[in-house]
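Trainee: Dropping the structure in here first, questions after.
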Amino acid sequence: SQQGEEDPQALSIQEGENATMNCSYKTSINNLQWYRQNSGRGLVHLILIRSNEREKHSGRLRVTLDTSKKSSSLLITASRAADTASYFCATDAGYGGSQGNLIFGKGTKLSVKP
Amino acid sequence: NAGVTQTPKFQVLKTGQSMTLQCAQDMNHEYMSWYRQDPGMGLRLIHYSVGAGITDQGEVPNGYNVSRSTTEDFPLRLLSAAPSQTSVYFCASSYSVSGSGNTIYFGEGSWLTVV
């Protein structure tokens, strides 16, 4: 079953604008990760935030985590056409006894128009 | 550094045929896994391995078989392909399963169509 659910399912913005994607999850987690997938390619790790962290930055990416609301957000500032991709949140919830397994949401499809 | 390599990239199978998707990683990672991705869905875990000789089932294991005879390789076998197995398959690996904060490295995917 899906653990993380991204919102919105699709997002279309102009270059230079900020893009915000949200992720909600159901059970307690050790950490939450965000991945990016370009069309026809594999997933690439973007950023990881641990359950005891509230905010994390990496370049133009800002991730927040609210464990009380079981939600996270990914903000991409000053978006570029090259940011066009699908973005997935994934939680490391110890599925099947292994802390290495990730449970992915359905993703947000971001389109950045030049 | 090749990372995670999957073959083949594309494959068309007839119902009932068997085949093996190959996956190899050159990062000496303990953990390897297979996911499938269907339209409008996230990735769902099929099988995973925490080390050579050790495998376990994920969320959707039915119809698939795996083995881990070496650290580097983790093939996924479809014993009798069904149209419901039409999907994109991703192999992934990470350094360790212990503790939290493991970055997963993905292969480029294998597009499988079962007719």
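The values are calculated or read from the model by the stated rules, or taken from the named source; none is laboratory data. In this text the structure is predicted, and so the values were computed from the model without any measurement. Note that each Cβ is placed from the backbone with ideal geometry, even for glycine, and that neighbours are counted across all protein chains shown.
Trainee: Test B:Val88 against the stated conditions and say whether it is exposed (fewer than 14 other Cβ atoms within 10 Å of the Cβ) and in a strand (DSSP E or B). Can you show your working first?
Mentor: Working: exposed (fewer than 14 other Cβ atoms within 10 Å of the Cβ): no; in a strand (DSSP E or B): yes.
Judged against the criteria, B:Val88 is not a match.
Trainee: Let me ask something else about it. Look through A:Ile29, A:Ile49 and report the one residue that is within 14 Å of another protein chain (Cβ to nearest Cβ), assigned to a loop (DSSP other than H, G, I, E, B) and buried (at least 20 other Cβ atoms within 10 Å of the Cβ).
Mentor: Details: A:Ile49 fails: assigned to a loop (DSSP other than H, G, I, E, B).
None of the others qualify; the one that does is A:Ile29.
Trainee: Of all residues in the range A:68-105 being within 11 Å of another protein chain (Cβ to nearest Cβ) and at positive phi, which is modelled with the highest pLDDT?
Mentor: Top of the filtered list is A:Gly94.
Trainee: Looking only at the range A:1-26, filter to residues that are away from every other protein chain (no Cβ under 11 Å) and hydroxyl-bearing (Ser, Thr, Tyr); which one of those is surrounded by the most Cβ atoms within 10 Å (Cβ to Cβ)?
Mentor: Per the stated criteria, the residue is A:Tyr25.
Trainee: Looking for whichever is part of a loop (DSSP other than H, G, I, E, B), modelled with pLDDT of 95 or more and surrounded by fewer than 16 Cβ atoms within 10 Å (Cβ to Cβ) here; the options are B:Thr15, B:Thr5. Which one fits? First the steps, then the outcome.
Mentor: Details: B:Thr5 fails: part of a loop (DSSP other than H, G, I, E, B).
Criteria check complete, one pass: B:Thr15.
Trainee: Looking at (1) outside any strand (DSSP E or B); (2) more than 9 Å from chain B (Cβ to nearest Cβ), find the lone condition where A:Gly40 falls short.
Mentor: Evaluating A:Gly40 over (1) outside any strand (DSSP E or B); (2) more than 9 Å from chain B (Cβ to nearest Cβ) leaves (2) as the failure.
Trainee: List every residue pair whose Cβ atoms lie under 6 Å apart, where the two residues are 6 or more positions apart in sequence or sit on different chains, the first residue falls within the range B:58-73 and is under 13 Å from B:Gln85 (Cα atoms) and modelled with pLDDT under 95, and the second residue, located anywhere, is among the hydroxyl-bearing types (Ser, Thr, Tyr) and crowded, with 16+ Cβ neighbours inside 10 Å.
Mentor: Final answer for the pair search is none.
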